[in-house]
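The values are calculated or read from the model by the stated rules, or taken from the named source; none is laboratory data. As the structure is a prediction and not an experimental result, all values here were calculated from the model. Counting neighbours? That spans all protein chains shown, and the Cβs are built from the backbone with ideal geometry, glycine included. Just so you know, the surface numbers come from the protein's heavy atoms only, side chains and all, with ligands and any DNA or RNA stripped out. Shrake-Rupley method; radii C 1.70, N 1.55, O 1.52, S 1.80 Å.
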Amino acid sequence: MSTRNLSADSITGAVIQRMRRAKSARFKQVMGSLVKHLHDFARDVKLTEQEWEYAIDFLTRTGQKCDDKRQEFILLSDTLGLSTLITQMNHSSKDEETEQTVFGPFHRMKAPNFPLGANISKGVRGKPCFVSITVKTAEGKPMRNATVDVWHSDAEGYYDVQHKEWKGAHKMRGVFKPDSEGRVYFWTIVPLFYPVPTDGPVGELLKASARHPMRPAHIHFLVAAPGYDRLVTHVFDKNDKYLDSDAVFGVRSSLIREYKRQKQGTAPDGSTCKTPYWTVDYDFVMRPLPGKAKKKAVARKGSKTAKSGKQGE
Ligand code: BEZ
Ligand code: FE
């Protein structure tokens, strides 16, 4: 097919045809579909030249806003619901497995390791909160070899990286190893809802869409263990007013828990609290990776066969 004299209708097939020699079948499928949908979209809304120029400028500014601490493209994906769509397609959980949600831009590599029971928010003002979680398999086996990475906002809705005066110190974040019962527990402060960054093109988009930028209060968890799907999730505050209008569409009912106010006295870890404090719990259930699930099924079959004394068929 020639690339000459193409019309608004025939251009799509011509572009797709130019990719026909691409080596990867997956590349051809993804790019072919992208071109088709992009062209259909432009035809559908009869995109004007001014609108196209605006879009190019918007995307250019989105790229220019990115650096090693800020990822405006991910924020764009989050606020357009694309991140949640991808998460849901790639990590559909069975009933008992913990649901995943957006990763967000505030995770930091190399957060400090803490022993169980430590306070990850020393010196930060806020309501004291005892967080207690477990990490188990769907069969209820504790996962001692998991790594639990935690991070959250402070009582004013800011992450440590947003406090310039903290000069890069790690606060309200840390990494834990579960005990033999799969438990992880630590002290921190109750997080608050907060706006996603609005000083860039995404803020402009939210404003034009008459949308607020708020995320309901939550604690982030990244739980990893060999042979299991990496769990990227949050535990949301049941009493937050933004649960049904999260700017990044990340709330799942199964991830909502009450951050309960407790009277002063003996805390669950045996320490004495001279002021009221808050508690929140969650039991995470990890999803085995497909290979692992298959291996386990084979192992189960093998052990049944061995028990029944049957020889392999
Ligand atoms: C967050 O929860 O940290 C977050 C997620 C998506 C966009 C902005 C922030
Ligand atoms: Fe967050």
accessible surface per residue for the chain, probe 1.4 Å, DNA/RNA/ligands not counted, whole Å² -> 60
Percentage of interatomic Cα-Cα distances in region 136-236 larger than 23 Å: 42
If Asp246, Asp95 are ordered by their accessible area, calculated over protein heavy atoms with a 1.4 Å probe, which sequence runs from highest to lowest? Asp95, Asp246
Around Ala42, with a cut-off of 14 angstrom between Cβ atoms, what is the net charge of the other residues, counting Lys and Arg +1 and Asp and Glu -1? -3
Cβ under 11 Å from Lys136's Cβ, Lys136 left aside: what net charge do those residues give with Lys, Arg +1 and Asp, Glu -1? -2
Region 189-268 - Rg over Rh from alpha carbon coordinates, Kirkwood radius: 1.08
Taking 0.36 nm per residue of separation between Arg144 and Lys167 and subtracting their Cα-Cα distance, the length gained on full extension comes to 4.9 nm
Sticking with the crude label model, points 7 Å out along Cα→Cβ, report the distance from Lys69 to Gln17 in nm, one decimal please. 5.2
Please tell me which of these pairs span more than 23 angstrom C-alpha to C-alpha: Lys127/Lys260; Lys122/Lys164; Lys28/Lys65; Lys127/Lys274; Lys23/Lys46; Lys69/Lys167? Lys28/Lys65; Lys23/Lys46
Grab the alpha carbons of the chain, take their convex hull, and tell me the volume per residue in Å³. 198
For the chain, what % of the accessible area comes from carbon and sulfur atoms, probe 1.4 Å? 55
Hey, if we sort Trp151, Trp52, Trp278 by accessible area with the 1.4 Å probe, largest down, what's the order? Trp52, Trp278, Trp151
What accessible surface, in Å², does a 1.4 Å probe find on Phe27, ignoring ligands, DNA and RNA and rounding to the nearest 10? 100
Please work out how much length the chain gains when fully extended from Leu289 to Ser33, using 0.36 nm per residue of separation minus the C-alpha to C-alpha distance, in nm with one decimal. 89.3 nm
Taking 0.36 nm per residue of separation and subtracting the Cα-Cα distance, what length does fully extending Ser253 through Glu181 add? 23.3 nm
Quick one: which of 171-184, 204-217 comes out on top by average Cβ neighbours within 10 Å, and what's the full order, highest first? 171-184, 204-217
At a threshold of 8 angstrom on Cα-Cα distance, excluding pairs fewer than six apart, so keeping six or more, what relative contact order does the chain reach in percent? 18
The FRET efficiency for Asp269 and Lys241, from their Cβ-Cβ distance with R0 = 22 Å and rounded to 0.05, is 0.10
Residue of Gln88, Gln17, Gln64 that the Gaussian network model of the chain assigns the largest fluctuation, springs spanning Cα pairs under 10 Å: Gln17
All Cα pairs of region 103-190, percent lying beyond 19 Å: 41
Per DSSP H run of n ≥ 4, the term is -39500 (n - 2.57); total these for the chain, divide by its residue number, and report the mean residue ellipticity at 222 nm rounded to 500 deg cm²/dmol. -9000 deg cm²/dmol
Quick one: net charge of Lys28's neighbours, Cβ under 10 Å, K/R +1, D/E -1? +4
